[in-house]
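Heads up: the structure comes next, in structure tokens.
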Amino acid sequence: MINISRLKVDFISGTQSKKIIEGIDVHVDEGESVVVIGPNGCGKTTFLHTIAGLNDNYSGTIEIEEDRSRVALILQEIGLLPWKTVWKNATLGLDLQDVGDKSRAEELLERLDLMKYKTDYPSQLSGGERRKLGLVRALSVDPKILLMDEPLVSLDEFTRERLQNTILELWKEKGLTMMLVTHDIEEASFLGERIVVLTPSPASVKEVVGNETMGDVGFRRSEDFYGTAQKLRESLP
Amino acid sequence: MRHGITRYVVSLLFLTLLWWLAAFIVRQVIPGPKSMVLSGPIKAFSTLFYHWGSIWPNFLRSAIRLVISLLISVFFGATTGLIIGFEKTADRLLSPIIYIAYPVPKIVFLPVILILFGLGDLSRVIFIVLVITFQVALSARDAAKNVSNRWVKAVESAGGNRLQVYRHVVIPAALPEILTSVRISIGLGIAALYLAEESFTNQGLAYYINNSWKIFAYSDVFAGILAFAILGLGLYLIVDLVERIFCKWNYID
């Protein structure tokens with residue numbers, strides 16, 4: 001469970017201060033998937049980083065029921081370490097937490113078809129494979145909460161849809177509490193049980209769009225999918 | 001690897017040819033015994049071979065002095081450089097000190113060091129360390145400054161502490177640049193070693209070369225220079241090997 005209330009973030013540089021987040025209240029239930037959508041530069045990334053604990057300069061409250069070690073974050077630029085092999089990148093979280101058993105990483109690599117690249121380096125992978133490796137790295141620590149910052153940005157349509165399917169499958173299977181930030185309307189409609197629409201900078205909640213019928217791969221072709229996407233289009237500034 | 005060896009052999013032949021040509025011209029232009037001052041390559045190589053017995057202890061002594069100095073410099077230089085580059089407070093406090101101390105010609109301190117620490121190897125090592133360390137520290141600092149924030153965030157968001165950020169991000173990211181600074185340090189270190197071995201010692205390649213000058217044994221002078229070249233080449237090859245092992249990711253086609 002994640003509970004965010006009256007979250008405000010100001011960036012201060014020198015004597016100037018700039019409002020990034022004006023006040024956001026969001027509640028995410030255990031096992032729920034919430035997508036945060038908003039225009040570029042509205043403060044989505046700052047919002048997610050603040051929840052993930054990468055930014056201490058905020059006011060308001062962030063309550064997370066889980067232990068910090070069970071919260072995983074996938075950054076927009078993924079942040080794969082170029083000097084580590086695919087295997088070492090996949091097991092990074094486990095190494096950092098001193099977990100000896102790497103079977104979960106192995107299982108995920110196998111499942112996402114990356115095992116064959118085990119000894120390769122990230123620069124040898126395609127864009128889609130790197131994103132998948134980012135997903136493996138985040139999930140190998142068996143998180144309860146998964147935070148994702150535009151995890152599929154700059155991928156071709158085909159790869160993006162396939163990876164959206166993978167994310168959806170993993171979310172259901174592992175019972176993850178998921179929060180995803182994106183500027184892609186269809187991604188939001190496909191992956192969010194609820195979609196929080198943010199205003200342009202400084203960010204605040206403009207509207208919350210319900211999308212309870214999502215949940216299987218076929219959803220993309222249903223009337224409801226287009227209905228949600230349409231609502232989002234109307235809501236976005 | 002075979003191509004590597006071929007490249008070295010071809011380069012060696014090319015340099016030897018230039019050397020031979022220079023010696024030949026000097027012999028034609030300058031008459032008399034003065035022309036002997038530039039020994040030809042064949043004479044120098046054969047002297048190196050036949051006098052190896054007396055050159056070897058000097059080579060070994062120089063190599064030990066240089067390698068120990070390099071290890072100390074790299075350890076302290078890289079450690080402080082990485083911290084200064086990565087921690088903003090350390091940068092503000094220590095960067096000015098480095099900027100002031102780095103350009104001072106360290107040779108002026110050699111007599112001071114010899115008086116304070118005696119005429120043994122310790123003084124010579126301290127002098128070489130003084131010459132090299134700043135340069136390594138500056139390279140490491142710049143490398144650490146350029147570490148991408150997304151790598152740091154990746155480790156931090158996965159629960160990594162500061163030490164783990166150094167271990168998994170800062171050190172491996174900076175390693176190629178640190179090794180480049182080590183290569184530069186080998187050249188600088190040999191120059192410093194030469195100065196440090198010129199006086200108050202009875203062993204070392206610089207001592208051997210100086211001594212040979214005094215007795216007009218010119219081919220021994222050049223044999224000593226060749227020994228220095230071998231020492232430098234050996235160290236460069238070791239650094240290359242270290243880079244191939246620890247920076248494998250940098251060698252992907």
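The values are calculated or read from the model by the stated rules, or taken from the named source; none is laboratory data. What you see is a predicted model; the values in this text were computed from it and never measured. With ideal geometry, Cβ positions are generated from the backbone for all residues, glycine too; neighbour counts draw on all protein chains shown. Just the protein is used for accessible areas: all its heavy atoms, side chains included, with ligands, DNA and RNA removed. Shrake-Rupley method; radii C 1.70, N 1.55, O 1.52, S 1.80 Å.
Considering B:Y166, B:Y208, the condition of being open to solvent by less than 50 Å² (accessible area, probe 1.4 Å), part of a helix (DSSP H, G or I) and within 14 Å of chain A (Cβ to nearest Cβ) is satisfied by B:Y166 alone.
Could we say that A:E66 is more than 10 Å from every other protein chain (Cβ to nearest Cβ) and assigned to a loop (DSSP other than H, G, I, E, B) here? It would help to see each step written out before you state the result.
Working: more than 10 Å from every other protein chain (Cβ to nearest Cβ): yes; assigned to a loop (DSSP other than H, G, I, E, B): yes.
Answer is yes for this residue.
Scanning the stretch B:230-244 for residues that are within 14 Å of another protein chain (Cβ to nearest Cβ) and more than 16 Å from B:V74 (Cβ to Cβ) yields one hit, B:R244.
To keep it simple, each residue is scored yes or no on (1) under 18 Å from the mean Cα position of the chain (by Cα); (2) modelled with pLDDT of 90 or more.
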site	(1), (2)
B:I209	no, yes
B:S212	no, yes
B:D220	no, yes
B:L231	yes, yes
B:I238	yes, yes
B:L241	yes, yes
B:I245	no, yes
B:D253	no, no
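Scanning the stretch A:46-60 for residues that are over 30 Å from A:Y121 (Cα atoms) and touching a Pro at 6+ places or on another chain (Cβ under 9 Å) turns up nothing.
So for the stretch B:124-144 (the condition being within 30 Å of A:A90 (Cβ to Cβ), open to solvent by 40 Å² or more (accessible area, probe 1.4 Å) and within 16 Å of the chain's Cα centre (by Cα)), does at least one residue qualify? Outline the logic, then answer.
The initial filter retains those residues of the stretch B:124-144 that are within 30 Å of A:A90 (Cβ to Cβ), namely B:140, B:143-144.
Within this subset, residues satisfying the condition of being open to solvent by 40 Å² or more (accessible area, probe 1.4 Å) are none.
Looking through the stretch B:124-144, none of the residues is within 30 Å of A:A90 (Cβ to Cβ), open to solvent by 40 Å² or more (accessible area, probe 1.4 Å) and within 16 Å of the chain's Cα centre (by Cα).
Of the residues making up the stretch A:56-98, just one is aliphatic (A, V, I, L, M) and surrounded by fewer than 17 Cβ atoms within 10 Å (Cβ to Cβ), namely A:I62.
Mind telling me which of the residues B:G189, B:G159 ends up being of a type outside the set (A, V, I, L, M), open to solvent by less than 60 Å² (accessible area, probe 1.4 Å) and either part of a helix (DSSP H, G or I) or at negative phi (or both)? Step through it out loud before you land on a result.
Details: B:G159 fails: either part of a helix (DSSP H, G or I) or at negative phi (or both).
Every option except B:G189 fails the conditions.
Does at least one position in the stretch B:15-31 carry a residue that is in contact (Cβ under 8 Å) with a residue 60 or more places away in the chain and in a helix (DSSP H, G or I)?
Going residue by residue through the stretch B:15-31, those that are in contact (Cβ under 8 Å) with a residue 60 or more places away in the chain are none.
No, the stretch B:15-31 contains no residue that is in contact (Cβ under 8 Å) with a residue 60 or more places away in the chain and in a helix (DSSP H, G or I).
Do we have any residue at all in the stretch B:178-188 that's closer than 25 Å to B:V239 by Cβ and within 14 Å of another protein chain (Cβ to nearest Cβ)? First the steps, then the outcome.
Residues of the stretch B:178-188 that are closer than 25 Å to B:V239 by Cβ, as a first pass: B:178-188.
Filter again for within 14 Å of another protein chain (Cβ to nearest Cβ), leaving B:178-179.
Yes: one or more hits.
Quick one: is A:T199 open to solvent by 10 Å² or more (accessible area, probe 1.4 Å) and more than 21 Å from A:G41 (Cβ to Cβ)? No.
Of the residues A:R160, A:R221, A:R130, only one is of a type in the set (K, R), open to solvent by 30 Å² or more (accessible area, probe 1.4 Å) and within 14 Å of chain B (Cβ to nearest Cβ); which?
On the way: A:R160 fails: within 14 Å of chain B (Cβ to nearest Cβ); A:R221 fails: within 14 Å of chain B (Cβ to nearest Cβ).
Going through A:R160, A:R221, A:R130 in turn, just one is of a type in the set (K, R), open to solvent by 30 Å² or more (accessible area, probe 1.4 Å) and within 14 Å of chain B (Cβ to nearest Cβ): A:R130.
Within the stretch B:217-229, restricting attention to residues that are in contact (Cβ under 8 Å) with a residue 12 or more places away in the chain and open to solvent by 50 Å² or more (accessible area, probe 1.4 Å), the residue that is nearest to the other protein chains (Cβ to nearest Cβ) is B:I225.
Residue by residue, here is whether (1) of a type in the set (S, T, Y); (2) closer than 21 Å to A:I2 by Cα holds:
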position: A:Q97; (1), (2): no, no
position: A:T119; (1), (2): yes, no
position: A:L133; (1), (2): no, no
position: A:M148; (1), (2): no, yes
